[in-house]
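Comments concern the structure below.
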Amino acid sequence: MNDTPSAYNGPTRVFSGVQPTGNLHLGNYLGAIKNFVKMQDTHAGLYCIVDMHAITVFQDPKELKASIREVTALFMASGLDPKKSILFNQSKVSAHAELAWILNCVARMGWLNRMTQFKEKAGKHKENASVGLFAYPVLMAADILAYRATHVPVGDDQKQHLELARDIAQKFNNDYGALKQGCENFFPLPDPLIQGPGARIMSLRDGSKKMSKSETSDMTRINMTDDADTIAQKIRKARTDPDPLPSEVGGLEGRAEARNLVGIYAALSDTTAEEVLNEMGGLQFSEFKPKLVDLTLSVLEPINHRFVELMNNAEEIDLILADGAGRAAEIADPILAEVKELVGFV
Ligand code: AQP
C-alpha cells in the first residue's frame with residue numbers, strides 16, 4: 001500500500017461496492033459486507049450495488065435486475081440499515097459514469113496494464129475482453145472519488161485497485177487541483193480497510209484460490225443463500241489434510257486448506273486464528289468440521305430468513321434504492337461540478 005499520508009482534510013467518508021453478479025458467497029460476506037455493517041454506526045457510509053461494473057462481462061438483463069434486488073436485500077438482511085447508510089445502485093447516479101470518463105483521461109495505460117485482476121479475468125482471451133473490463137479499475141476510482149471517500153472496506157483482492165485509485169487521485173490533484181489555489185488536495189487518497197481473517201477467504205476445494213462467484217464448481221464456495229443441508233455438505237466435503245489442527249498458527253504453514261477453515265471460523269466468530277487454535281488445537285477435521293457447520297449456520301440462517309422476507313417485497317427494495325440514489329447524488333453532483341470546473345468545461 002502507498003502509505004504517503006494524504007493532506008486532504010475533508011470529512012471521513014466510507015464507500016464500498018459489491019457486484020450484482022451471481023450468488024454472493026461467504027468471502028463477499030466476511031471480506032466486505034460484515035465490515036460495512038460494523039462501520040455503519042461510526043462512519044458516514046455509502047454502499048453501492050455496482051451494476052455498471054457487472055456488465056463489463058455480459059449479464060442476462062433479467063437476471064441482472066433480479067440480482068440487483070437480491071444483493072440489496074442481502075445487504076439489509078446482513079444488518080445494513082438504509083437509514084444509517086446510503087444504499088443504492090451505481091447506474092442510478094450518473095456522476096459515476098461522468099467522472100469515470102474524466103479519470104480515464106487521467107489514468108495511464110501502463111498503470112492499467114499492471115492490473116492482475118484483468119489478466120486473471122480476461123485470461124488467454126484478452127483481445128476479446130470488453131474495453132469496460134480493462135477500464136474497470138478507473139470506474140472503481142470514480143465510484144470512490146465521486147464522494148471524496150476516505151476509506152474503502154474491501155477484501156484483499158481489491159488492494160491493487162485501491163492503490164490505482166490513489167494514484168489516479170494524486171495525478172488529478174497534481175494535474176488539475178494544483179492549478180487552483182486551495183485545490184491541491186482536491187481528492188483524498190482513499191485508504192483501503194482490509195480487515196481481519198475474513199479478508200481473504202479461499203476456495204473450499206483449493207486453498208490457493210480465492211472463493212469466487214465465477215468458479216464453475218458450486219462446491220468451492222458457500223453461497224449466502226445456500227440452505228442448511230447444502231452448507232453442511234459443502235463443509236463436510238471441503239478439502240483438508242490428514243493431520244489434526246495445530247495448537248499454534250505456525251503449524252498452519254504449508255496447510256492452505258486448514259488455514260482457510262480456521263480463518264473462516266475466526267472471521268465468523270469475530271476472533272483470531274490464534275484464539276481458534278488455542279481452543280481447537282489437536283482436533284481432527286472430523287471433529288472440527290461439525291463445529292464449523294454449526295457456527296456457519298448460526299450466522300447465515302438468520303440472514304437467510306430476513307432475506308426471504310425482504311425479497312417478498314420487491315417494490316420496497318426499489319424505493320430504498322431510489323432514495324439512496326437521491327441522497328448519493330446530493331453528495332456527488334457538487335463534487336462533479338467542481339471537477340468539471342477544474343478541468344475547464346464550460
Ligand atoms: N474470497 C474472498 N475473500 C474475501 N473477500 C472477498 N471479496 C470477494 N471475494 C472475496 C470481496 O467482496 C467484495 C465484493 O466483491 P465483488 O462481487 O464486487 O467482486 P469480486 O471481488 O470480483 O467477487 P468474486 O466473487 O471474486 O467475483 P468474481 O468471481 O467475478 O471475481 C469486495 O470487497 C471483495 O474484495
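Where a number appears in this text, it was derived from the coordinates with a stated rule and is not lab data. Owing to the predicted nature of the structure, the values given are computational and were not obtained by experimental measurement. Note: ideal-geometry Cβ built from the backbone for every residue, glycine included; neighbour counts use all protein chains shown.
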Query raised in the report: Relative to a virtual label point 7 Å from the Cα of Lys124 in the Cα→beta-carbon direction, which members of the range 176-216 show backbone nitrogen distances below 18 Å?
Result: 216
Query raised in the report: For labels at Val343 and Gln233 in the simple 7 Å Cα→Cβ model, what's the distance in nm?
Result: 5.1
Query - Gyration tensor over alpha-carbon atoms, the range 148-217, equivalent ellipsoid semi-axes in Å - result: 35, 11, 7
Query raised in the report: Hey, got the Cα dimensions of the chain along the principal axes, in Å, largest first?
Result: 68, 45, 43
Query raised in the report: Taking amide hydrogens as modeled 1.01 Å from N in the peptide plane, which residues meet the under 5 Å criterion relative to Lys210, leaving out close sequence neighbours?
Result: Ser203
Query raised in the report: Tell me, what does the Kirkwood hydrodynamic radius of the range 94-243 come to in angstroms if you use every pair of distinct C-alpha atoms?
Result: 17.7
Report task. List, in order, the whole-Hz ³J(HN,Hα) value for each residue of the range 268-279 obtained from phi through the Karplus relation with A = 6.51, B = -1.76, C = 1.60 and θ = phi - 60°; use x for Gly and Pro. Result -> 5, 9, 6, 10, 10, 4, 4, 5, 4, 6, 4, 8
Report task. Add +1 for every Lys or Arg and -1 for every Asp or Glu among the other residues with Cβ under 14 Å from the Cβ of Asn312, and state the total. Result -> -3
Query raised in the report: If Lys and Arg each add +1 and Asp and Glu each add -1, what is the summed charge of the other residues whose beta carbon sits under 10 Å from the beta carbon of His151?
Result: 0
Report summary line: Only helices counted: for the chain, with every DSSP H run of 4 or more residues adding -39500 (n - 2.57) and the sum spread over all residues, [θ] at 222 nm is -15500 deg cm²/dmol
Report summary line: Phe36 neighbourhood, Cβ < 14 Å, K/R = +1, D/E = -1, net charge +2
Query raised in the report: Based on DSSP, what percent of beta bridges with both residues in the chain are antiparallel, to the nearest 5?
Result: 15
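Loop sites only, by DSSP: take the chymotrypsin sites (Phe, Trp or Tyr not before Pro) in the chain that have at most 12 other C-beta atoms within 10 Å and name the longest stretch containing none of them.
After excluding every exposed loop site, the longest remaining stretch is 59-344.
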